[in-house]
Amino acid sequence: MFKTFPKGGIHPPENKITADKAITVLPLPSAVTVPLNQHIGAPAIPVVEKGAAVKAGQIIGQAKGFVSANIHSPVSGKVSKIEPVADTTGYKQMAIVIDVEGDEWIETTDRSATLVKEVTMTREQIVERCRECGLVGLGGATFPTHIKMTVPAGKKCDMLIINGVECEPYLTSDHRLMVEKGAEVLTGVTIIMKALGVSSAVVGIEANKPDAISQLTSLAGGFEGISVQPLRVKYPQGGEKQLIKACTGREVPSGGLPLDVGVVVQNVGTAFAVYEAVQKNKPLIERVVTVTGKSLSQPGNFLVRIGTSVTKLIEAAGGMPGDTGKIVNGGPMMGKALAMTDVPVTKGTSGIILFPDSESRRDEIMPCIRCGKCSTACAMGLEPWLLSVLSEKTMFEKAEAEKITDCMECGACSYTCPAKRPLLDYIRLGKATVLKMIRERITK
Amino acid sequence: MSSTVLLTIIMLSLLGLLAAVILYIVAQKFKVVEDPRIDLVNEVLPGANCGGCGFTGCRAFAEVLVKAESFEGLNCPVGGAETMGKAAVILDRQPVAVEPKIAVLRCNGTPENCKRTSYYDGAMNCRVAHSLYGGTTACHYGCLGCGDCVAACKFDAMYMDPVTQLPVIIDEKCVACGACVKACPRNIIELRKRNRKDRKIFISCVNKDKGGPARKACSVACIGCGKCVKVCPYDAITMADNLAFIDSFKCKLCRKCVTECPTGAILEINFPVREEKPAEPAVTEVN
């Protein structure tokens, strides 16, 4: 019997078109645009000048403050511009544009493919290395990894959960990583376990990835304390709190963090990046991106340097089909539509999905009929219809009392709404406003 | 029979009397002493409760007016000088002259001027659209066109023009309460001095990008060239972040900057047609 979380959830069509497509390395682009803010927290400060020659892996943006991450050059070449460039949101932010010349890496990085299983570093060294290498959570939230690896005083951590759920339809980048780089991922898990000082780790994988489950289960025998937990397919199982509930039965309190129940959750992509950073001294300058869509001629999973234009990715997947109506950055449930394709891939880009026009338009918005489907679907036990109305009518104090900040913006409510109401649009707005209100209250 | 009726009447009368005495004592004991002038001032205020004065409604403003030592900094934008004059008479204070204002839209990103690059079908709400992405055009400073300002206007002084996809402010109805200014997530609407015959000259752009990208996104963008700053004889125009700004309180409406602007970002509205240059390219919007 597969485990899952008990409350809410939906099951959208999986559409994992690229599940059996091996990861291919995307050829180097002629230029990359590296935004200085690819993570949650303060943007990095550029430490290279215009015209400077850089090597792949060289630090070009220094983390500013504690909650921030270093940015490294993903290619070798010359810095041509440091100026505001439109990112995936369409808003401009500071970015470093590098013209590619050759592919020269910094000397300290070990680029061989040999598996290094033995972890020689101490806890502090591991955390320090992850900070140096600019690691962030690759599941999409892009929270700096070194912070999550340090258990604050007074908190206790007894378990690590590795998120291999990939509950978003279409996306397969984590799936391929587990199948192709299973040993590396599990070594990464061992490293994170050592940094946290825990003796057990669970890799949660949904049952629609049987090859990944069998692969990791057979490999896990060679690693101490790691077990694989198959899970029933249900969205949003990849949500931290849902995954913890599904794997351990523990419930994170409202407004709390996983550490409140002694758990830390990391993505498989992050575990792989940790392996590369710690064992190979390789900064986070490339990641696996799924490029998919029903009309695409060659959808696939690509290993892409950060800063590569999305246009290049679509070209590699066979070019943009004529019937494309919407291009989504991320998963179809939580991702955001792109206003243009000439935007860079960042550390948080897990997938690019091209929807045909017939599937991309939203239906006409009808009045709420109070059927309560959204409340049933909500995995956090909230009342999305109420939160949406409160945000729309700018009643933010009331929305705060209704726990709008517990919403993880999974979009199950909007998906399930028979009246096609843009519930999440308003809830997101309300949540952002309430969080701002709370911050102002604290600083006052 | 009759004695029962009589007893009932007497009993009820006594109970009523007792209740009246208790109510009277309680009312005297817990009497709220309120300045009677608050009611008088409240009566001369427009009663729109728009919040344009900066307080939570007309009565709150009346309370503030009664308490205030002077009228400095206090103004009812809806009632204007007339209302403030009446209030001053009631309270025996000196009325402070306040220039009447009017709201102007500092964006001219019509589909003709500013090419649409994408299609938005999310919730029709500017704040939602603004938080999601840069907008349907390459300019991520300009109007999103979802009409939050129109919804915020309590005086029916705004409507969305379906052709230009921009809100239009009806000069006669605008009372400069500032509700639209607060509603706009991109700070496009500005309260400016109301001139004779509602004549307006302003930079109809809020794009802070450098000239090239700004112009590429919108043909009537302010490119920050600074020509208007040089030509202005009254030092009314300042330049910051590649964007010119005309101080409406310094501007004398000489219209020199309008002809100088290479992109037509400066609008002149409600002026008579220029005779010497009939083919004026700068005027793209006439109310």
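Every number here is computed from the coordinates shown, using simple stated rules; none is lab data. Computed from a predicted structure; not experimentally measured. Neighbour counts are summed over all protein chains in view; Cβ atoms, including those assigned to glycine, are modelled from backbone coordinates with ideal geometry.
Peptide A:425-433 shows a mean partner chain C-beta count of 4 within 10 Å per residue C-beta. Applying the criteria of a DSSP loop state and at most 14 other Cβ atoms within 10 Å to the chymotrypsin sites (Phe, Trp or Tyr not before Pro) of the range B:63-172 yields B:Tyr119. For a straight C-alpha distance cut-off of 19 angstrom, the aspartates and glutamates reachable from A:Lys16 (same-chain residues fewer than eight places away being disregarded) are A:Glu166, A:Glu168, A:Asp174, A:Glu180, A:Glu206, A:Asp211, A:Glu359.
Reported value for chain B: 226 Å³ per residue, from the convex hull of its C-alpha atoms. Can you tell me the FRET efficiency between B:Val163 and B:Lys216 if r is taken as the Cβ-Cβ distance and R0 is 22 Å, rounded to the nearest 0.05? About 0.40, to the nearest 0.05.
Sum up the charges of everything whose Cβ sits under 11 Å from the Cβ of B:Glu260, counting Lys and Arg as +1 and Asp and Glu as -1, but leave B:Glu260 out. Present the calculation step by step, with values, prior to reporting the outcome.
Details: positive: B:Lys227, B:Lys230, B:Arg255, B:Lys256; negative: none.
Once positives and negatives cancel, what remains is +4.
All Cα-Cα distances of the range B:101-269, cut into 5 Å bins from zero to the largest, leave 1, 9, 18, 21, 21, 16, 10, 3, 1, 0 percent in each bin in turn. When the alpha carbon gyration tensor of the range A:123-280 is reduced to an equivalent ellipsoid, its three semi-axes come out at 21, 19, 14 angstrom, largest first.
When the Cα positions of A:Cys413, A:Ala113, A:Val343 are compared along the charge dipole of chain A, A:Cys413 comes out farthest toward the positive end, with charges on each C-beta of Lys, Arg, Asp and Glu. Projected onto the charge dipole of the protein assembly as shown (+1 at Lys/Arg Cβ, -1 at Asp/Glu Cβ, origin at the Cα centre), which of A:Pro210, A:Gly249, A:Asn329 gives the Cα projection farthest towards the positive end? Selected residue: A:Gly249.
Name the trypsin sites (Lys or Arg not before Pro) in the range A:312-374 that are in a loop by DSSP and that have at most 16 other C-beta atoms within 10 Å, would you?
Working: sites: A:Lys312, A:Lys326, A:Lys336, A:Lys347, A:Arg361, A:Arg362, A:Arg370, A:Lys373; in loops: A:Lys347, A:Arg361, A:Arg362, A:Arg370.
In loop regions of the range A:312-374 (DSSP not H, G, I, E or B), the sparsely surrounded trypsin sites (Lys or Arg not before Pro) are A:Arg361, A:Arg362, A:Arg370.
Here is the tail figure for the range B:1-154: Cα pairs spaced more than 19 Å apart come to 71 percent of all pairs. Of the residues A:Val228, B:Ile22, A:Thr190, the one whose Cα sits farthest toward the positive end of the charge dipole of the protein assembly as shown, with +1 on the Cβ of Lys and Arg and -1 on the Cβ of Asp and Glu, is B:Ile22. Across the range A:261-277, coupling constants 3J(HN,Hα) worked out from phi with the 6.51/-1.76/1.60 Karplus curve, θ = phi - 60°, read 10, x, 10, 10, 10, 10, 7, 5, x, 5, 4, 5, 5, 5, 4, 5, 5 Hz, and Gly and Pro carry x. Global size of the range A:373-443: 11.6, 42 Å for Rg and Dmax (C-alpha atoms, Rg to one decimal, Dmax whole).
Fewest-first ordering of B:Ile9, A:Ile40, A:Ile442 by other beta carbons within 10 Å of each residue's beta carbon gives A:Ile442, B:Ile9, A:Ile40. Here is the list for the range B:45-104: GluC sites (Glu not before Pro) lying in DSSP coil, each with at most 15 other C-beta atoms within 10 angstrom of its C-beta, are B:Glu69, B:Glu72. Summing Cβ point charges (Lys, Arg +1; Asp, Glu -1) relative to the Cα centre of the protein assembly as shown gives a dipole of roughly 640 debye.
With 0.36 nm allotted per residue and the present C-alpha distance subtracted, the A:Glu359-A:Thr122 stretch has 80.2 nm of extension available. Rounded is the label for chain A, because the ratio a/c of its alpha-carbon gyration tensor axes (a ≥ b ≥ c) stays below 1.5. Take each peptide in A:89-95, B:192-198, count the other Cβ atoms within 10 Å of every residue, and average; sorted highest first, the result is A:89-95, B:192-198. Shown is the FRET efficiency for B:Glu112 and B:Ala81, computed with R0 = 45 Å from the Cβ-Cβ distance and rounded to the nearest 0.05: 0.65. Shown for chain A: cysteine residues without a partner Cβ closer than 4.7 Å, namely A:Cys130, A:Cys133, A:Cys157, A:Cys167, A:Cys247, A:Cys368, A:Cys371, A:Cys378, A:Cys407, A:Cys410, A:Cys417. Comparing A:Leu313, A:Leu196, A:Leu259 in a Gaussian network model of chain A (Cα springs below 10 Å), the most mobile by mean-square fluctuation is A:Leu259.
Please give the FRET efficiency for A:Met395 paired with B:Phe30, using the beta carbon to beta carbon distance and R0 = 51 Å, rounded to the nearest 0.05. Each step should come with its number before you reach the end.
On the way: r = 32 Å, r/R0 = 0.64.
E(calc), rounded to 0.05, equals 0.95.
So in the protein assembly as shown, what percent of DSSP beta bridges are antiparallel if you round to the nearest 5? Walk me through the numbers before you get to the answer.
Numbers: 54 of 78 bridges.
Once the DSSP bridges in the protein assembly as shown are tallied, antiparallel ones form about 70 percent.
Only helices enter the 222 nm calculation for chain B: every DSSP H run of n ≥ 4 contributes -39,500 (n - 2.57), and dividing by all residues gives -9500 deg cm²/dmol, rounded to 500.
Descending by average beta-carbon neighbour count within 10 Å, the peptides A:280-292, A:104-116 line up as A:280-292, A:104-116, the highest first. Lysine pair count for the range A:76-189 (Cα-Cα distance under 25 Å; residues 8 or more apart in sequence or on different chains): 6. Using Cα positions and a limit of under 15 Å, work out the aspartates and glutamates in reach of B:Lys67, with same-chain residues fewer than 8 apart set aside. B:Lys67 reaches B:Glu34, B:Asp35, B:Asp39, B:Asp92. Taking Cβ separations below 4.7 Å as the criterion for a possible disulfide partner, the isolated cysteines in chain B are B:Cys53, B:Cys58, B:Cys76, B:Cys139, B:Cys153, B:Cys174, B:Cys184, B:Cys225, B:Cys232, B:Cys251, B:Cys254, B:Cys261.
Go through A:Lys241/A:Lys373; A:Lys347/A:Lys373; A:Lys294/A:Lys336; B:Lys173/B:Lys227 and tell me which ones have a Cα-Cα distance over 23 Å in this structure. In this structure, A:Lys347/A:Lys373; B:Lys173/B:Lys227 exceed 23 Å between Cα atoms. Across all directions, the average flat footprint of the convex hull enclosing the Cα atoms of the range A:233-392 is 12.6 nm². Taking Cα centre as origin and charging only the Cβ of basic (Lys, Arg, +1) and acidic (Asp, Glu, -1) residues, the dipole magnitude of the range A:123-280 rounds to 260 debye.
Only the Cβ atoms of Lys and Arg (+1) and of Asp and Glu (-1) were treated as charged; on that basis the dipole of the range B:190-277 about its Cα centre amounts to roughly 200 debye. Which residues in the range A:109-128 place their backbone N less than 20 Å from a point set 7 Å from the Cα of A:Val25 along the Cα-to-Cβ direction? Answer for this model: A:109-116. Here the simple spin-label model places points 7 Å from the Cα toward Cβ, and for A:Lys81 and A:Leu303 these points are separated by 3.0 nm.
Listed by chain and number, the aspartates and glutamates whose alpha-carbon sits under 16 Å from that of B:Lys197, ignoring those within fewer than 8 places in the same chain, are B:Glu99, B:Asp171, B:Glu172, B:Glu268. A crude spin-label estimate for the pair B:Ala19 and A:Cys368, with each label 7 Å from Cα along the Cβ direction, gives 4.2 nm.
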